[in-house]
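Once you've had a glance at the structure underneath, I'll fire off some questions.
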Amino acid sequence: MHSVRLTDWITIRGSGTTPVVQSEEDWLRAPEYADAVFWVEVTEVTNPGSGTVALRFETAPAPFESLFVTLDSVDVLTVGPAPVLRKAFMNQVVKVPLARLLRWKLVGSAAGTWDVTFRVHVTFGEGVRSAMSPRSALDSTGAGTQPGLLLWLRADQGVVLSGSNVTDWLDQSGNGNHVTQAVAGSRPVLVNNAVGGRPALDFSGSKFMQNTLTSLVAGGAAYSVLCVAKNGNGTLLSLRLASPPATTYSASMFFLANTYVYSDSSVVNETVDNTLAETQSASAAFKSCHRYEGAGQFAKITLNTTPRTITGGLLRQRRPARRAFRVGVNTQTVPEYWNGLIAEVIVVRGAISDLDRQRIELYQRNYFGV
């Protein structure tokens, strides 16, 4: 497998309800097209009337095929002259396994004449995996890095071993927020082919790693935590450590029947019922996002891309904190350790946008198979 990226800027003009086909061409000329991922960015819409405009992507094996199958569509609507609208989709047309002909079409119900300008960016093969990581194609500004990226730990990068035990896990965000474990008996174990053929760290048996130099976010500040994990209950990440160590301080936690989140600090969990049982019972890997919008707010949680509803808890109360954060355990009188695998942890400053969360989730689906 290899990487190929193609970028094209297209403007289509349409009128009324008549579908407009912009092009019909063998765009990639490669069998790997079946693995392609398309990023669609609508950059400008001129729509003088009311109504809807949809940008549709269709595919067929060859130009002479009379039947085109819709890959996906983007609803543009009347979004104005400078919309921020991006979407990713994959070529998953089961009955067209060798589809190589791609065409884009506008279908609208708007009165008058309308123009849509958009960019198509294509990756396939290993390019799917390398292009959609937090430090590359996930950036909505085009700068190459997920905005506000504070921490990125992934078990196939930056892992320092002593035998099979992990002594250091190096931060891939570029911020130097590495975690370490000096005590041999508390070191997690590297497990190959653990999640979707990728390695993960096994924290079973009261293992954890920590950084004693910094807290990732200040008390009351907004943040987001995204993870890929497996087979676990307990605390996956503590962003800050309480002082004294009496209660959990800003932690993302998972248990068999509930997800518990301490967004800042509290004596009562924010709970989300029945979030982990569906994955835990099958011993399957899962991905999750905990998004905290700031002081006085409950966390917003997605599990395997599905939003969950907070069912209990109290609003946050700030507590004194000391400079440190931990992976695999919280800070309280009786620690609650993570007892399973962790393949990836991403921490972002601020409440991550739905667009960027979805991009990371798509990257995780393709990279880890979750």
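The values are calculated or read from the model by the stated rules, or taken from the named source; none is laboratory data. Because the structure is a prediction, the values reported are computed rather than measured. Don't worry about glycine lacking a Cβ; one is built from the backbone with ideal geometry, like all the others, and counts go over all protein chains shown.
Check ASN211, ASN193, ASN177 and return the single one that is among the polar types (S, T, N, Q), within 22 Å of the chain's Cα centre (by Cα) and under 12 Å from LEU153 (Cβ atoms).
Exactly one residue qualifies, and that residue is ASN177.
Which residues, taken from segment 355-370, are crowded, with 19+ Cβ neighbours inside 10 Å and of a type in the set (A, V, I, L, M, F, W, C)?
ILE360, LEU362, PHE368, VAL370
Check whether at least one residue in segment 196-206 is at pLDDT below 85 and either out of contact with any Leu (no Cβ under 9 Å at 6 or more places or on another chain) or surrounded by fewer than 18 Cβ atoms within 10 Å (Cβ to Cβ) (or both), and report yes or no.
Yes; the residues of segment 196-206 include at least one that is at pLDDT below 85 and either out of contact with any Leu (no Cβ under 9 Å at 6 or more places or on another chain) or surrounded by fewer than 18 Cβ atoms within 10 Å (Cβ to Cβ) (or both).
Restricting attention to segment 294-338, report how many residues are part of a loop (DSSP other than H, G, I, E, B) and at pLDDT 90 or above.
4
Can you tell me which residue is surrounded by the fewest Cβ atoms within 10 Å (Cβ to Cβ) among those in segment 128-163 that are of a type in the set (A, V, I, L, M, F, W, C) and modelled with pLDDT under 50?
ALA143
What's the total number of residues in segment 155-203 that are part of a strand (DSSP E or B), without any contact (Cβ under 8 Å) to a residue 40 or more places away in the chain and among the aliphatic types (A, V, I, L, M)?
Within segment 155-203, residues that are part of a strand (DSSP E or B), without any contact (Cβ under 8 Å) to a residue 40 or more places away in the chain and among the aliphatic types (A, V, I, L, M) number 4.
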